[in-house]
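Please read the structure below before turning to the comments.
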Amino acid sequence: MGRAKASLSLDGTDTFLTRIVRTFHDAGIDDVIVVVGHEADTVARAFAPSGLPARFVVNANYDRGQLSSLLAGLAVIDRPGVTAALVTLVDVPLVAASTVRAVVDRYRTSHAPVVRPTSGTRHGHPLLIDRSLFDELRRADPAEGSKPVVRAHASAAGDLEIADEGAFTDIDTEEDYRRWVSRSSGGADGVAGRRPSIE
């Protein structure tokens with residue numbers, strides 16, 4: 001986008017990053033790790049006034065792709081007592097706290113190695129990965145990222161049908177962002193008054 005997505009405004013109160021961290025805390029996730037790379041200091045400074053609790057980890061290898069950021073986060077959380085990692089991307093900021101809770105609850109009841117929101121053939125966020133897969137992720141091909149590992153361990157038990165469009169809304173480009181701003185402010189694109197499903 002030519003600027004840090006993490007610091008983009010969502011509603012005049014939250015940025016992409018503060019919304020995600022707030023949502024995770026609202027869902028009962030008490031240890032939130034934010035992996036930063038490009039413009040790490042800028043992102044951390046923009047986040048600080050929120051007062052939200054989160055630990056920041058710098059991924060010096062961010063230019064090697066998303067897997068490198070996932071591994072940087074795993075390096076911080078992988079310790080005795082941790083059973084899984086709950087992962088999301090900064091460009092998926094609209095997921096509801098109820099969805100995060102539902103993913104965690106499905107993991108607790110199914111013990112599936114991968115739990116992910118689904119809607120038909122779509123797969124969304126957040127993604128929950130059991131600790132038994134951490135080493136497999138570390139051995140993954142950086143060029144392919146985590147997707148082959150996730151796909152290999154996905155299952156009916158771990159696929160959770162969710163109606164929350166926020167779990168599947170990827171604001172990836174400037175055009176996506178402008179479209180979302182237009183929709184959420186009741187712009188002239190035919191969706192006045194409708195907002196994505198968020199809490």
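The values are calculated or read from the model by the stated rules, or taken from the named source; none is laboratory data. Values in this document were obtained by computation on a predicted structure and should not be read as measured data. Quick reminder, even Gly has a Cβ in these numbers, built from the backbone with ideal geometry, and neighbours come from all protein chains shown. Accessible surface areas use protein heavy atoms only, side chains included; no ligands, DNA or RNA. Shrake-Rupley method; radii C 1.70, N 1.55, O 1.52, S 1.80 Å.
For a quick check of understanding: with a 1.4 angstrom probe and all protein chains in place, what accessible area in square angstrom does Thr18 have, to the nearest ten?
Here the accessible area works out near 10 Å².
Could you pull the Rg and Dmax for the chain, using just the Cα atoms, both in Å?
Cα only, the chain: 16.6, 53 Å (Rg, Dmax).
Rounded to the nearest 20 Debye, what is the dipole magnitude of the chain about its Cα centre when Lys and Arg each give +1 and Asp and Glu each give -1 at the C-beta? Can you show the working numbers first?
Numbers: 23 positive and 27 negative charges, 32 e Å.
The dipole of the chain has a size of about 160 debye.
Would you mind calculating the gained length between Ser182 and Arg139 on full extension (0.36 nm times residue separation, minus the Cα-Cα distance), in nm to one decimal? Present the calculation step by step, with values, prior to reporting the outcome.
Working: separation 43, 0.36 × 43 = 15.48 nm, distance 4.22 nm.
Extending this stretch completely gives an extra 11.3 nm.
What share of the DSSP beta bridges in the chain is antiparallel, in percent to the nearest 5? If you can, show how the numbers build up before the last one.
Numbers: 9 of 17 bridges.
So the antiparallel bridges amount to about 55 percent of the total.
How far apart, in nm, are the 7 Å Cα→Cβ label points at Arg108 and His153?
2.1
Name the residue farthest towards the positive end of the dipole of the chain from the options Thr23, Thr118, Val104, assuming +1 on Cβ of Lys and Arg, -1 on Cβ of Asp and Glu, about the Cα centre.
About the Cα centre, the residue reaching furthest to the positive side is Val104.
Mind checking which of Pro49, Pro142, Pro93 has the largest fluctuation in a GNM of the chain, springs on alpha carbons under 10 Å?
Highest fluctuation of the listed residues: Pro49.
In the chain, carbon and sulfur make up what percent of the accessible area (probe 1.4 Å)? Each step should come with its number before you reach the end.
Values: 5140 of 10360 Å².
Answer for the chain: carbon and sulfur cover 50 percent of the accessible area.
Can you tell me the relative contact order of the range 26-74? Whole percent, Cα pairs under 8 Å, sequence separation 6 or more. Show your work: numbers first, answer last.
Details: 49 pairs, mean separation 21.6, N = 49.
Averaging sequence separation for qualifying contacts and normalising by length gives 44 percent for the range 26-74.
Summing -39500 (n - 2.57) over the DSSP H runs of n ≥ 4 in the chain and dividing by its residue number, what mean residue ellipticity at 222 nm do you reach, to the nearest 500 deg cm²/dmol?
On the way: 7 runs with 68 residues, N = 199.
Computed ellipticity for the chain at 222 nm equals -10000 deg cm²/dmol.
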